[in-house]
Amino acid sequence: MRPKELESVARSLVEEGKGILAADESSPTIEKRFKSIDLPSSEENRRAYRELLFTTPGSSEFISGVILFDETIRQKAKDGTPFPEVLSRQGIVPGIKVDNGAKSLAGFPGEKITEGLDGLRERLSEYREMGARFAKWRAVIAIGDGIPTACCLKANAHALARYAALCQETGLVPIVEPEVLMDGPHTIERCEEVTTAALDLVFSELLEHRVPLEGTLLKPNMVLSGKECPKQADAASVARATVRTLRRVVPSAVPGIVFLSGGQSPEQATLNLSAMNALGRHPWELSFSYGRALQEPVLKEWKGDPARVGVAQKAFYHRAKLNNAARFGKYTKEMEATAT
């Protein structure tokens, strides 16, 4: 895929009013989600749940792309249609998570390095043949006593850049995800400091690896107070700190920023995104790439019951519609109760 084609796909993923559904939960993660509704995490239950999401009537009005897991990209709908094709037929771009997870960084207690570069070129080629047009790689940055270290930040930035270069070589748009975790008692100011340092290194490495930014998307954390911080920043403060950070270190060549929800409630993630877009125009589209923040209400309605698929799909449509409003800075909490 040529640079212009990569840019076209990247821009389609951050089309005005739309965002990405992250349905790329690993087996342990989806098992935890299913436990919350007392449902066994069998392959068939996982397939049925993903089909529920991917076939929600009208969801393409608000969902531009879906990130799949390795198992999911190989699965099919009940009628035998491969999931990537189910999505493509609706004008939704199929994507794929390609990292092998964050593992302990040797010699650096409490810090992680994401693995999965070995054999990645071949895996990317296979995924593209299966219909994927973009990919995602997540790095994990923890805040704590003496961390993150410069070594951890550099190692993860380097891996993200190598991944991105391989994606573009294969014809896939890379979504670069350096996540600064919410866990801990740190202040919003400390989160801003670490997020700035992490993003600064990521873009330095991307440029060194000759990754055209026009065909790349960024999936960062919002700048938030730590979960255990006594003083929790409100949406206006989160919006100002996040946008200020991005303006300092993210080049305008990047078409869009698709935020992760990172442990926020569905309402909080939507409110914060809306507050950012209400600040005015930005050099890049400010969108979403939510997992739990889009799916939590769906699971609660579905409960693994085939008879409740329609109700669950209405919950997904409604949640996606609320984030569509947030893309325009027009979401209000009163909309939560609005009938779908």
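Note on segment 48-185: along the principal axes its Cα atoms extend 52, 35, 22 Å, ordered by decreasing extent.
Distances between every pair of Cα atoms in segment 278-319, grouped in 10 Å steps from 0 to the bin holding the largest one, split as 28, 35, 21, 13, 3 percent. Quick one: compute the contact order of segment 200-340, relative version, from alpha carbon pairs under 8 angstrom and 6+ residues apart, as a percent. The normalised contact order for segment 200-340 reaches 23 percent.
Normalising the Debye intensity of segment 140-219 to I(0), with uniform scatterers on Cα atoms only, and taking log10 at q = 0.12, 0.16, 0.20, 0.21 Å⁻¹ returns -0.35, -0.58, -0.82, -0.88.
Within segment 3-337, antiparallel bridges make up roughly 15 percent of the DSSP beta bridges whose residues both belong there. Among D70, D24, D79, the residue with the largest mean-square fluctuation in a Gaussian network model of the chain, with springs joining Cα atoms closer than 10 Å, is D79. Within segment 1-82, all pairs of alpha-carbon atoms sorted by distance into 5 Å bins from zero give the percentages 3, 13, 20, 20, 19, 14, 7, 3, 1, 0. Taken along its principal axes, the alpha carbon cloud of segment 184-319 reaches lengths of 52, 39, 27 Å, longest axis first.
Under a no-solvent Debye model with one identical scatterer per Cα of the chain, what's log10 I(q)/I(0) at q = 0.13 Å⁻¹? Log10 I(q)/I(0), no solvent term: -0.97. Here are some pairs, K4/K227; K4/K112; K18/K78; which of them have Cα atoms lying more than 29 Å apart in this structure? Flagged as over cut-off: K4/K227; K4/K112.
Shape descriptor for segment 246-304: Rg over Rh equals 1.08 (Cα atoms; Rh from the Kirkwood inverse mean 1/r). Contact order for the chain, expressed relative to its length and based on alpha carbon pairs under 8 Å spaced 6+ residues apart, stands at 19 percent. Taken along its principal axes, the alpha carbon cloud of segment 71-125 reaches lengths of 50, 23, 19 Å, longest axis first.
Helices in the chain, meaning DSSP H runs of at least 4 residues, each add -39500 (n - 2.57). Divided by all residues, the mean residue ellipticity at 222 nm is -14000 deg cm²/dmol.
Values in this text are rule-based calculations from the coordinates and carry no lab data. Computed from a prediction, not measured in an experiment: that's the story for all the values here.
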